[in-house]
Each structure stands twice: as structure tokens, then as C-alpha cells.
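Peer 1: Handing you a structure now.
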Amino acid sequence: MIRIENLTRIYDRTPVVNDVSLTVGAGQIAALVGTSGSGKTTLLRMINRLVEPTSGRIWIGETDAATIAPHLLRRRIGYAIQGHGLFPHRTVGQNIATVPRLLGWSAPEIAARVEELLHLFQLDPAQFRDRMPHELSGGQQQRVGVARALAARPEVLLMDEPFGALDPVIRARAQGDLREIQRRLGTTLVIVTHDMEEAVTLGDRIAVMDKGRLLQYGPPAEILTRPATDFVQALIGTGERPFRLLSLTRVADIREDGTCDGPAVSPESSLRDALAACLWHGRDCLPVEGGGIVTLTALRARAEGARAEAMATAGEGAQSKAPQTGGAAQ
Amino acid sequence: MIARLMVLAMAVFLVAFLVTPESFAGLFRPLTRNNAPAIYTQTGLLSLTLSHLWLVALAVTASTVTAVGLGVLVTRPAGREFLPLARTVTSVGQTFPPVAVLALAVPAMGFGAGPTLVALFLYGLLPIFENTLTALSTLPPSVVEAARGMGLTRRQQLWQVELPLALPVILAGVRLSTVISLATATIGSTVAARTLGEVIIAGLLSANTAFVVQGGLIVGLIAILIYEGFQLAEKAAARRIGLAPQH
């Protein structure tokens, strides 16, 4: 869990982060969204004290971050950034081993952990452990960057635009993988992004920032249906709103009995994808893999009803999202 | 490939000449007049060469330690204010003529290797310092950020990340200093340092072109070989950190 209390950072008498308070529950994902210069990256970098707060407090679990030496604090917190920041003169294995080595783990422990993480990120250890970063593709480098951030089993992971340098196809897969791994490990995750799409896809909660202030902090459905200010509304994009709402729900949740022709959609894909597939193939319904169908009528009802439902359940958390398994590992 | 062979041929020639200079007497005879000796024999060429190299190695090592140290100092937050001072010191070291350094140092240190060492040391600072500075201030920002974010201490960042990544560029600076020092060291013989300058000066004093040429030839060949050697090391270091070879 991360608790931020009245955090302020002032540069040259201008507050870059201005009196921000928010709490990220254990095992949850908080997405910090905003335009460049909104203070979202500064806020993130204050959590592991790469930037020292001018005032305010940060609690990591039960620990006041200000009471630990910065480098010791950072070894407890995973950190992954845009452009991965892998050490180019060290192998993939050595990169991943960075923090465990700093913490003085034994060599067999480190080797086992590297092996485990490479498997987790679908990189064959025999093939990748001794490669140099420049020998990997962009997507592989990014995965090694996240693996390195998770190496010492941090309870908290900070990510600054980790997928910014990836092309759209690889990015979508990387986001899916990250979510799955985060759920499995129960890591509390704070991710900075300028992409509302990414925030809605990943976030249990979204924090919208502008000019150093926290404008709104809540579950995606609430941000989408009840934007607190015009700025939040503009950031969502009114034209995108119904699709983003649909993207919050899985096909499995509105599956009906019956049969239908056409290409099958995965029960794990979002309603948005199902809608797109229906429109593209010109069908009123599509079969769902593993039985059942999804109908255009149901999708439409969902899009219309999502608004009302979201408003009713707003504030209770991201219920319509995939069930949470996190928290147990905390 | 041809370049490699040429370098190899130079190395073979140099070794052969240093070990048995007399067997090359025929080569230099046309440059002599009045039956003057073709090969310098006052002191062994091999021993002069070794002493010349030793002097250069000492001076360049001292320059490297000092210049890299200064470069590291002024790129730390606490040492940033020393940057102008360090720039001035190293620039003056380079612009002040080595001959003048010798003239000033001899009264203080006496004749021998000392004044030459000082002159070479000062002369070699600038290229190494400037390259260290450039290398350390142009590291990929995301790598430095990641090193901090992982929880490396400042010292660990320097030794484990910054210096290894800066190595190829620093080596290029050391290469320049070494080559400059190899040539400059010859003037040390004017104040009784044992260098290959002795051969050249003897040639000038006795109007024996053969001596001048063989002194210059040995220095030139060594410079080329060392230059090549450093380039190999730089390329290896650059390859290690995933950079394409620079040449």
C-alpha cells in the first residue's frame, strides 16, 4: 500500500506537484494520467525519492519513506522507465540481478530468481540470460526492464511510461502481460502514462493530474462517466467514451446461450473488441470461444446501461474489471 | 586486411631494427657524409627506446589518473563549481610549450627525467580530461536514471555504470595523449632525460641525417603501433557496451 499525504514539490517558487493526497491499496494499480508538465512524473519520482518532496509525506506500507536512506528505499521499490534503461554493458541476467546483488543475495538465490523471472516473462533462460541488451528486440528489452524492476520481489512497483517506446501491437500485449503478472504477484503498482486508453486498460484507479494538482482520483468507470472537471472530460475525449466504457467489461460477463455463425471471440476479450468484430463482420451476433454467443443488442444495451450502472456503482471500486486476486501476497 | 598486414610489417621491422640495428646499416649509409657512422651506437637503441617508453608510460598514467579524477569530480553535483577551474588548468597545461616547462622545471628539479615527466604530464592532461568530461556528461539519461532508481549508491553508479560506459571515449583521450607524449618526449634529451631524442640531437649536432632519421623513424613507428593498439582496445570496449565500432 502507498499513502501519499499533502505532497508538494516546488521548483523555483512554482509548485510542480501541489498538495496531492491519494492512497493506492495493496495489490492495486493506480494510473497517473495527465498532459506533459502536469506533474505526474514528479509525483511518481517522489515516491522513491528520486525527487525530494518540498513538503508532505509518503508511506510505503507502514514505513514513512522519509525515514529510510534513499538508496535503501529504492531497493525496496521496483522502478521501470520508458526506454527500459537497461545497462548496455551487462547481460540480460546481470541486469535482472541488479537489485538482488545490491541486497547481497547469495549467488544460487540470484541465479534461481533470474531463471524464474525470465520464465515469467516468456524469455527462454538458456537463450536470453547471457545476451546483451542491444541484441534484443524492443519488446524483449522492455520485458527485461520490468523483470529487473521485479527482481527483488518489491511490494511496490513504479513505472514511468514503460510502454512509450513500443509499437501498438507489442504495447497491447505488454499491457496484458503486465496486468496478469501484477495480479499473480499482488504487487502494488503506480504507472504514469499520458495515454487515457492505457490508464483505462490497466488502472484499478485513475488519477488525473493537471498543473500539479490532482483533479480526480477514482475507478475508471467513475472517471469516464462523471469527470470532475472539463479538463478530465477533454482528456477522456467524449467521442471515445462509450468505447472506453465497453473496454472495461469482458465478453464472458455478457455471454448468452445460443449459437451463431461467424468468427469466435475470446471470452477474455473486451466488449469493445467484440463490438468492433460485430461491426467489421457485419453480424448481429458472434460465437464465443468455449460456447455461448455475444449479441450486438446486448452490447448496445451494455453501452447504454454502462453509464447508469457506472454512476450507481462509482466509488465502490473497479467492480466490472477482472476479479482481483491480488493482496494475498502482501 | 592490408592495413593489418602493414601494421604487422611495421612491428616486425621495428623489433628487428631495435634488436640488431647494425644489420640495417646499409639502409642508412646513403644518408651519411664523410664516412660518418650510419647507426647510433653511443647508447643502445633498444635501451633508449625502453627508457623512452617508460617515461611516456609514467607520464600518461599520471595524466590519466589526474584527468579522469578531475573529470569525475567536476561531473559530481558537489564538484560542479570546479569545472571552470579544471578547464583552465588542463588548457594551460596543453598550451604552455613543453620546452618552456623544461626550462622552468630544470632549476627546480635538476637535469634528468624529472622535468620531462612534468612537461609530458601537463601536456597530456587536456585530451583525457575533455574526453572524460564529454563521456560522463553524455551518458544515456535513461541508464543513469535507472541506476539511481534501482538503488545504486553514488559510488556504485560511478564504478558500475558510468565509468564502464565512458571507457571507450576515455580511452580515445588516453590514445591522443600517448601519441602526443611519444613525440614530445624526444625534447627531454635536451635536459638529459634518456629518450630517443638523444639520437636525433646527436644527428643534428654532428650533421648526420642518418641519426635524425633513425631516431624519428623509431618514434614514428612506435606511435603508429600504439595508436593501433589503443584503437583495438577502444573497439573492444565499445562492442562490450553494445556500440558499433567507431571507425
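Peer 1: Quick check on the stretch B:112-235: what does the Kirkwood estimate of hydrodynamic radius come out to from the alpha carbon pairs, in Å?
Peer 2: The Cα-based Kirkwood calculation yields 16.8 Å.
Peer 1: Let me ask another. Pairs of alpha-carbon atoms within less than 8 angstrom and 6+ residues apart define the contacts here; what relative contact order does chain A have, in percent?
Peer 2: Rounded, it is 21 percent for chain A.
Peer 1: Taking each residue in B:136-148, count the Cβ atoms of any other chain within 10 Å of its Cβ, then average. What number comes out?
Peer 2: Mean number of neighbouring Cβ atoms from other chains: 5.
Peer 1: If you don't mind, there's one more thing I want to ask. What shape does the stretch A:10-90 have by the C-alpha gyration tensor, where a ≥ b ≥ c are the square roots of the eigenvalues, rounded means a/c under 1.5, and otherwise prolate means a/b greater than b/c and oblate the rest?
Peer 2: Note, shape of the stretch A:10-90 comes out rounded.
Peer 1: Please average, across the residues of A:148-161, the number of beta carbons from any other chain that are within 10 Å of each residue's own beta carbon, and give a whole number.
Peer 2: 1
Peer 1: OK, next. Against the longest principal axis of chain A, how steep is helix A:168-185, in degrees 0 to 90 to the nearest 10, with axes from Cα atoms?
Peer 2: 70
Peer 1: Give me the inter-chain shielding for A:80-87: mean count of other chain Cβ atoms within 10 Å, whole number please.
Peer 2: Across A:80-87, the average partner-chain Cβ count within 10 Å equals 6.
Peer 1: Further, regarding this structure: Compare the Cα positions of A:279, A:260, A:243 along the charge dipole of the stretch A:240-313 (+1 at Cβ of Lys, Arg; -1 at Cβ of Asp, Glu; about the Cα centre) and return the one farthest towards the positive end.
Peer 2: A:243
Peer 1: Which ordering of A:213, A:76 is given by a fewest-first count of other beta-carbon atoms within 10 Å?
Peer 2: A:213, A:76
Peer 1: Also: Can you put A:196, B:1, B:109 in order of Cβ neighbours within 10 angstrom, beginning with the fewest?
Peer 2: B:1, B:109, A:196
Peer 1: Note down the relative contact order for chain B as a percent, whole number, built from C-alpha pairs under 8 angstrom at least six residues apart.
Peer 2: Relative contact order comes out at 24 percent.
Peer 1: Provide the descending list of Cα extents for the protein assembly as shown along its principal axes, expressed in whole angstroms.
Peer 2: 114, 55, 45
Peer 1: Using the Cα centre of chain B as the reference point, and only Cβ charges (+1 on K/R, -1 on D/E), how large is the resulting charge dipole? Debye, rounded to the nearest 20.
Peer 2: 340
Peer 1: Quick check: the distance between the Cα centres of the stretch A:244-274 and the stretch A:131-161, to the nearest angstrom?
Peer 2: So the two Cα centres are separated by 32 Å.
Peer 1: As a check on your grasp of the helix formula, calculate [θ] at 222 nm for chain B: sum -39500 (n - 2.57) over DSSP H runs of n ≥ 4, divide by the residue count, round to the nearest 500.
Peer 2: Calculated from helices alone, the mean residue ellipticity at 222 nm is -24000 deg cm²/dmol.
Peer 1: Classify chain B as rounded, prolate or oblate from the Cα gyration tensor: take a ≥ b ≥ c as the square roots of its eigenvalues, call it rounded if a/c is under 1.5, otherwise prolate when a/b beats b/c and oblate if not.
Peer 2: oblate
Peer 1: Further question: Whole angstrom only: what separates the Cα centroid of the stretch B:141-220 from the Cα centroid of the stretch B:1-22?
Peer 2: 22
Peer 1: For chain A, which cysteines have no second Cys with its Cβ under 4.7 Å from theirs?
Peer 2: So, A:278.
Peer 1: Report relative contact order for the stretch A:240-313 in percent, whole number only (criteria: Cα-Cα under 8 Å, sequence separation at least 6).
Peer 2: Over the stretch A:240-313, the number comes to 35 percent.
Peer 1: Helix A:138-150 versus the longest principal axis of chain A: what angle, 0 to 90°, nearest 10, using Cα atoms?
Peer 2: Roughly 60 degrees between the two axes.
Peer 1: Let's test this: bin the Cα-Cα distances of the stretch A:2-236 at 5 Å from zero up to the farthest pair and state each bin's percent.
Peer 2: 1, 7, 15, 18, 19, 16, 12, 7, 4, 1, 0
Peer 1: Let me ask something additional. For a quick protection proxy, order the peptides B:130-139, B:189-198 by their average other-Cβ count within 10 Å, most packed first.
Peer 2: B:189-198, B:130-139
Peer 1: Computed on alpha carbon atoms, what radius of gyration and Dmax characterise the stretch A:198-283, expressed in Å?
Peer 2: Rg, Dmax (Cα atoms, Å): 15.7, 52.
Peer 1: Let me ask something additional. Specify the inter-centroid distance of the stretch A:60-99 and the stretch B:80-134, based on alpha-carbon positions, in whole Å.
Peer 2: Here the two parts' Cα centres lie 42 Å apart.
Peer 1: Using only the alpha-carbon atoms, how far is helix A:271-281 inclined from the longest principal axis of chain A? Give it as 0 to 90 degrees, nearest 10.
Peer 2: Rounded to the nearest ten degrees, it is 50.
Peer 1: Mind listing P(r) for the stretch A:240-313? All alpha-carbon pairs, 10 Å bins, whole percents.
Peer 2: Each 10 Å bin holds this share of Cα pairs: 22, 57, 19, 2.
Peer 1: For B:177, A:269, which order do you get if you count the other beta carbons within 10 Å of each Cβ and list the fewest first?
Peer 2: Final ranking by Cβ density, sparse to dense: A:269, B:177.
Taken together, the values in this text are just the output of simple stated rules run on the coordinates, not laboratory data. The model shown is predicted, which means the values in this text are computed figures rather than measured ones. Please note: Cβ atoms are built from the backbone with ideal geometry, for glycine as well, and neighbour counts cover all protein chains shown.
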